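Okay, so here's the structure we're looking at.
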Amino acid sequence: MAEMVRLTIDGREITAPKGCTVLDAATDAGIYIPTLCHHPALEPEGTCRLCIVEVSGSIRHSIRVSCIQEVKEGLIVETNTERIRKNRRLILEFLLGRSPYCKELLDLAAQNGIVSTRFRTGEDDDCVKCGRCIRVCRDKIGANALCWAGRGKERKVTTEFERLSASCIGCGACANVCPTGAIRVEDRGDERKIFTWGQVLARFKLERCEHCNTPYVPKRYLELINNKAYRPVGLELVHYVCPQCQAKGDRLPDKRREAVLRQAVKWAVPRH
Ligand code: SF4
Ligand code: FES
């Protein structure tokens with residue numbers, strides 16, 4: 001059983017597993033801390049700074065980033081002091097300066113009492129530079145198709161040499177974890193396109209479902225499932241059946257295949 005530590009968040013005494021973050025401990029206790037770059041399926045990177053909290057007790061009184069701050073015995077955490085609210089508002093103003101029309105950001109800013117920004121940079125891209133898309137592609141999918149390029153105002157999510165990616169498998173996990181819809185997947189006919197504000201990152205021809213004949217998946221994505229789920233247990237993915245037909249029970253795989261498919265779903269990253 002995990003070793004537990006006791007700490008106080010917003011005056012409530014709680015226990016949390018040693019090694020977990022202050023954000024996780026607060027979330028488990030039903031205490032809301034705003035986040036942007038955090039996604040529960042990904043390793044935290046502490047990029048956006050929105051989740052700051054004030055800490056004292058067993059560590060020096062300071063402001064810390066709760067998604068990367070580990071819980072400690074005797075820690076005292078305040079999530080909503082005047083100092084924190086002021087800093088959060090400033091962070092939101094900076095973020096809005098770069099993405100002034102981003103609906104998700106505008107909503108978050110409004111919740112924190114911000115309706116305009118003093119820091120317009122001239123950018124108007126919905127990408128809030130949270131890095132979730134890069135992390136999911138690198139750490140969960142293993143394709144490493146996305147990277148950062150440029151600095152300051154020029155910083156953007158792109159592909160190697162800013163060309164159509166040769167490593168992207170077309171799974172769309174990047175779009176699933178993007179908090180603002182700045183990176184997207186579009187299926188038209190038998191083509192899938194993955195794109196951001198200013199760049200098409202990858203294009204794929206879609207394989208058709210053997211049952212309903214609908215184009216639904218890029219071949220490279222199936223190859224990943226084959227390599228990660230089927231081959232390790234001595235099977236080969238040879239039948240292409242779209243999720244809709246699978247859900248309806250059409251051409252349902254036998255029990256063994258069903259178990260393997262469940263394993264394959266582990267790579268699916270939920271929207272959050
Ligand atoms: S495209 Fe989306 S997920 Fe990627 S850095 Fe920008 S906002 Fe974050
Ligand atoms: S959610 Fe913690 S720094 Fe972004």
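Every read-out reported here was derived from the displayed coordinates using simple, explicitly stated rules and does not represent laboratory data. Keep in mind it's a predicted model, so treat the numbers as computed, not measured. Here the Cβ is made from the backbone with ideal geometry for all residues, glycine too, and neighbour counts use every protein chain on show.
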Of 23, 7, 47, which is farthest along the charge dipole of segment 4-80 in the positive direction, counting Lys and Arg as +1 and Asp and Glu as -1 at C-beta? 7
Return the long-range amide H neighbours of residue 207 (sequence gap of 5 or more, or a different chain), with a cut-off of under 5 Å between placed amide H atoms. 216, 217, 219
List 148, 197 from most exposed to least, where exposure is judged by having the fewest other Cβ atoms within 10 Å. 148, 197
Magnitude of the Cβ-charge dipole of segment 4-80, K/R +1 and D/E -1, about the Cα centre, nearest 20 debye? 160 debye
Magnitude of the Cβ-charge dipole (Lys and Arg +1, Asp and Glu -1) of segment 124-171 about the Cα centre, nearest 20 debye, reported as 200 debye
Going by Cα centres, segment 3-26 and segment 181-251 are how many Å apart? 41 Å
For segment 4-80, what proportion of DSSP beta bridges, expressed in % and rounded to the nearest 5, is antiparallel? 90 percent
Whole-number percent relative contact order across segment 132-267, with pairs defined as alpha carbons under 8 Å at least 6 apart: 16 percent
Using 0.36 nm times the number of residues separating residue 45 and residue 162, minus their current alpha carbon distance, what extension gain do you get? 39.7 nm
What length, rounded to one decimal in nm, is gained on full extension from residue 58 through to residue 70, with 0.36 nm per residue of separation minus their alpha-carbon distance? 3.1 nm
Any idea what the relative contact order of the chain is, in percent, if you count C-alpha pairs under 8 Å spaced at least 6 apart? 12 percent
Note down the magnitude of the dipole of segment 116-214 about its Cα centre, charges +1 on Lys and Arg C-beta and -1 on Asp and Glu C-beta and zero elsewhere, to the nearest 20 debye. 400 debye
Between residue 213 and residue 186, what is the FRET efficiency for a Förster distance of 35 Å, r being their Cβ-Cβ separation, to the nearest 0.05? 0.95
What are the lysines whose alpha-carbon lies under 25 Å from the alpha-carbon of residue 140, with same-chain residues fewer than 8 places away excluded? 18, 129, 156, 193, 205, 219, 228, 266
Value at 222 nm in deg cm²/dmol, rounded to 500, when DSSP H runs of n ≥ 4 in the chain each add -39,500 (n - 2.57): -6500 deg cm²/dmol
Plugging the Cβ-Cβ distance of residue 195 and residue 18 into 1/(1 + (r/R0)^6) at R0 = 41 Å yields, to the nearest 0.05, a FRET efficiency of 0.45
Calculate, in nm to one decimal, what residue 239 and residue 1 gain on full extension: separation in residues at 0.36 nm each, minus their alpha carbon distance. 81.5 nm
